[in-house]
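What follows is a set of notes on a single structure, which appears directly below.
None of the figures in this text is laboratory data; all of them are computed from the coordinates on show. Keep in mind that what you see is a predicted model, and the values were worked out from it rather than measured. All Cβ positions, glycine included, derive from the backbone under ideal geometry; neighbour counts span all protein chains shown.
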Amino acid sequence: MLEQVKERIRELPDAPGIYMFVDAGRKPLYVGKAKSLRKRVVSYQNVTGDARLSAMTSEAVDLEFVVTGSEAEALQLENTWIKSRQPPYNIRLRDDKTYPYLKLTLKERYPRIVFTRHLRNDGAEYFGPYFPGGLARRAIKLVQKLFQVRVCHIPIDGKLPRPCLYHDMKRCLGPCVDGLTDSDSYTEAVNEARQFLAGRTDPLVQSLKAKMTAASSNQDFEEAGRMRDLLAEIETISAKRRITRDHADDVDIFGVHVASKHAAVTQLLVRNGQLIDRRDLFFEDLGPVPPERLLAELLPQIYDRTTFVPRELHLPVPIEEDSALLAWMGEKRGATVTLRLPSRGPKAKRIAMAMENARQAFRRRFRLSPELLAGAERLSEALRLPETPRRIEGFDISNFQGAYTVGSMVVWIDGKMSKRDYRSFNIRGLSQPDDFFSIHQAVERRYRRQLEEGHELPDLILIDGGKGQLSAALEALATVGLDEIPIVGLAKREEELFLPHEQDPVLLDRHDAGLRVLQQVRDEAHRFAVSRHRARRSKGSLRSQFDDLVGIGEQRRKRLVRRFGSFKGVRLASLLELQDALGERLGQSVHQQLHGTSPEGQGASFEARVDC
């Protein structure tokens, strides 16, 4: 961190507010809030454990801040600055305009239900967001069917001569035509729809039962039957989405899964004790962000973009400065908001369900295996690596009695094999099997080229073999100046791990997650080496003698075979016959190659011209 930034930190007051790190072009890098600016920002002088914040502080050249009256005000201002200035090192929630809401236009005399993707401060009541979007349109149809609230955009003055088809289908009370309904009846239907959309079906059911009983007492059996059918449908819908509960409440439950610089967050929405929806949020290339920091930055943005604030938040981990968040949410809700960290009972089971949903969402989105990613973390412990390996490159050799020797290199990235990054090497200069020489050549060629072209280097190199193969690879890395890259050898027989400069091998349990990662890479390197070796052998065994002739491709080969019958016939042909078939210059060149009178002759064999 620059001395200028450190000097600005020493000037900060012991008061709540927000701070913003900026780069040399005065562009914002990171915005944060604090109960005490002085105490919070001084912690950024030592962020070596967080790669994302370390990168941010290395770019920062100055610090700006704003003092606020309270933590809640700081939280509100932080949200505003993050949305307006979009600092790259903040964890930002994607714009909710892509998610659909239902809007009830309460400012109108006869409110209507509307599908929208935008939240506005227009006096309307919003419900949602709905995930996936099709649920919102199904909810509109359900509200029409159950409560007959209108969806049209026409002005309502009661002067239309007849209602639209929705009224005939019993999907609208028809306020557009005078006499079909009255303001009180329509308002009652709207209130029932609001309760239904908010997930508060218990009071709605009680109200409908009372209406059904009153209609039956008045011998209005048609109305009583309608109430009965309405009750049955609402109770069926409620039963489908009800989960085990200790008491009816409005709760948002969060689950988090962070691995390999990516993250998935699942939000379960429980309303009146019913699980009414689930929301999945994804974040790419965050770096090793702890779940508590991710939630601390994410929660204010979530509740800044929604109209409903629950009574309780259930989280899997504690978050920093939760008092400011709860105070701000309480102001927005108009009542106290509680944060809980359940460790047992039904609430803990809900947290476990949210965590499992986050894990599965992570697997679906990033197509990564959490088990293999956990194996990579285990590897960093077992091999004492500086960080968890994200990219592992594995090498193996395949040959047939020293001929057609092929080196393979496969790539493992974030829990899966990246086949587009595989490479193979036709090993040169061998007359007999020599795995050490082959490994040395393959490793040296690979990383010399990576350095020349500026491509990404691995976090760990795996060599299929023991001490000898590992030593050969170490020499190759030293040759190109990359001997600082972590490397390990894996011997097949006892699954021993050999590390540089260590005499004894490391033995991991057969079921160790880290060992399974290395075995996956090793086995894939072996499979790829064998397949490339077989392809090379097959191509070599099918080689035609015509392939040794410079200037003779497939079409000219066919012409020569038609004219002379075989390669032997071509060899016996005279110079004039070859010139007649191929032209003067090419015919003379081929005649010289066949009879050894040209430096371009048979010494230029197929095998010598092949390179990887």
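Evaluated on the chain, the Kirkwood hydrodynamic radius is 31.0 Å, with distances taken between all distinct Cα atoms.
Full extension of the chain between K492 and S217 gives 90.5 nm of extra length, using 0.36 nm per residue less the Cα-Cα distance. Take 503-510, 418-425 and order them by the average number of nearby Cβ atoms within 10 Å per residue, most first; the result is 418-425, 503-510. With neighbours defined as other Cβ atoms within 10 Å of a residue's Cβ, the residues H118, H257 order from fewest to most as H118, H257.
Under Stokes-Einstein, with the Kirkwood radius over Cα pairs standing in for Rh, what whole-number D in µm²/s applies to segment 97-241 at 4 °C and 1.567 mPa s? Diffusion coefficient, whole number: 80 µm²/s.
Scaled against 2.2 N^0.38 Å for its residue count N, the alpha carbon radius of gyration of segment 3-90 is 1.00. Compared with the dominant principal axis of the Cα atoms in the chain, helix 201-217 is inclined by about 40°. Take the Cα of D202, step 7 Å toward its Cβ, do the same at R333, and the gap between the two points is 1.7 nm.
With r as the distance between the Cβ atoms of D504 and H153 and R0 = 45 Å, compute the FRET efficiency 1/(1 + (r/R0)^6) and round to 0.05. It comes out at approximately 0.05. Can you pull out the GluC sites (Glu not before Pro) in segment 453-496 that DSSP calls coil and that have at most 10 other Cβ atoms within 10 Å? Loop-located and lightly packed - E484, E494. Available extension along the chain between D182 and N46 is 42.2 nm, counting 0.36 nm per residue and deducting the alpha carbon span.
For the peptides 429-435, 347-353, residues were scored by their other Cβ atoms within 10 Å and the scores averaged per peptide; the highest-first order is 347-353, 429-435. Of the trypsin sites (Lys or Arg not before Pro) found in segment 120-192, those that fall in a DSSP loop while having at most 14 other beta-carbon atoms within 10 Å are R120, K170.
Put one equal scatterer on each alpha carbon of segment 251-366, apply the Debye formula with no solvent term, and list log10 I(q)/I(0) at q = 0.10, 0.14, 0.17 1/Å to two decimals. Taken in order of the listed q values, log10 I(q)/I(0) reads -0.27, -0.55, -0.82. Working value for segment 276-427: equivalent-ellipsoid semi-axes of 46, 15, 14 Å, each the square root of 5 times a Cα gyration tensor eigenvalue, largest first.
For the chain, the longest principal axis of the Cα atoms and the long axis of helix 370-382 meet at an angle of about 60 degrees. The L165 and Q86 beta-carbon pair, evaluated with R₀ = 35 Å, returns a calculated FRET efficiency of approximately 0.15. Above 24 Å lies some portion of the pair distances; for segment 389-490, what is it as a whole percent of all C-alpha pairs? Of the Cα pairs, 16 percent sit more than 24 Å apart.
With the highest mean first, a sort of the peptides 325-334, 386-395 on other beta-carbon atoms found within 10 angstrom per residue produces 386-395, 325-334.
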